[in-house]
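This report concerns only the one structure given below.
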Amino acid sequence: SQTIHQWPATLVQPVGSPLSLECTVEGTSNPNLYWYRQAAGRGLQLLFYSVGIGQISSEVPQNLSASRPQDRQFILSSKKLLLSDSGFYLCAWSVFGINTEAFFGQGTRLTVV
Amino acid sequence: GEDVEQSLFLSVREGDSSVINCTYTDSSSTYLYWYKQEPGAGLQLLTYIFSNMDMKQDQRLTVLLNKKDKHLSLRIADTQTGDSAIYFCAENLMDTGRRALTFGSGTRLQVQP
């Protein structure tokens, strides 16, 4: 069966510090991978998605970047965090096809102080 | 635009039925989805409906789709306190070529004992 791992679960970082969140998927090959952000009391905003190794699509201009160094690994990064980067970050995967039902990790609660 | 709209809050008594509504924008969406998010957790796929269907029932869950009005609803029969969560509807925007879901802002369901 497929599983998705996302870590860390919580993170408190000072403004200006770097960020690296990691997500890995097991039990499937060539998944579509996603990073979403959920601000407090709001819906999900798609940040990045990837359909293959090294292929990253960015949805919104921002202080963050994403990389996919391996087929089932997706990393969210920042060189210098801003206060506005605080939020709940969710990694997800889907299979390639018309039905893009996404399966989510447990999320990372990031607080920038 | 690419807005998926939901009401923000719904309160029901335990044992009653809950109906969560959603309007979407893209008539070319092939699948529409309902997700559940419990506090501090990722999103769990509840059910989805193919666009050529009007209704789908899965145990206590009933999904109704009105394509003419671009309206999707989720009915939860015999609502329990464990159903308290945020419910998101989502669509896949096939005509953009983007392999990702667009989510609504979520409806917080509160079940009173």
*Evaluate the following for A:LEU81: is it out of contact with any Lys or Arg (no Cβ under 7 Å at 6 or more places or on another chain) and either under 21 Å from B:ARG108 (Cα atoms) or of a type in the set (Asp, Glu) (or both)?*
no
_Just checking, does region A:65-80 include any residue being more than 22 Å from B:ASP3 (Cα to Cα) and facing chain B (nearest Cβ under 10 Å)?_
no
*Kindly provide the set of residues from region B:70-89 that are farther than 18 Å from B:ARG108 by Cα and part of a strand (DSSP E or B), ordered by number.*
B:HIS71
*For region A:83-113, enumerate the residues that are in a loop (DSSP other than H, G, I, E, B) and away from chain B (no Cβ under 14 Å).*
A:SER86, A:VAL113
*Would you kindly identify the strands (runs of 3 or more DSSP E) lying entirely within region A:11-82 that contain at least 1 residues that are touching a residue at least 60 places away in the same chain (Cβ under 8 Å)?*
A:19-26, A:32-38, A:73-78
*When residues of region B:13-52 are limited to those that are among the aliphatic types (A, V, I, L, M) and away from chain A (no Cβ under 13 Å), the one nearest to A:GLN6 (Cα to Cα)*: B:ILE20
*Which pairs have Cβ atoms under 9 Å, sit 6 or more apart or on different chains, and link a residue in region B:79-107 that is farther than 23 Å from B:SER18 by Cα and away from every other protein chain (no Cβ under 13 Å) to one that is at pLDDT 80 or above and surrounded by fewer than 20 Cβ atoms within 10 Å (Cβ to Cβ)?*
none
_Residue under evaluation B:GLY40, criteria (1) within 28 Å of A:GLN106 (Cβ to Cβ); (2) touching a Ser or Thr at 6+ places or on another chain (Cβ under 8 Å), criterion not met_ = (2)
*Determine if region B:102-110 includes at least one residue that is farther than 19 Å from A:THR100 by Cβ, aliphatic (A, V, I, L, M), modelled with pLDDT of 90 or more and not in a strand (DSSP E or B).*
no
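The values are calculated or read from the model by the stated rules, or taken from the named source; none is laboratory data. Predicted, not measured: the structure shown is a model, and the values here were computed from it. No Cβ is skipped: glycine too gets one built from the backbone with ideal geometry, and neighbour counts run over all protein chains shown.
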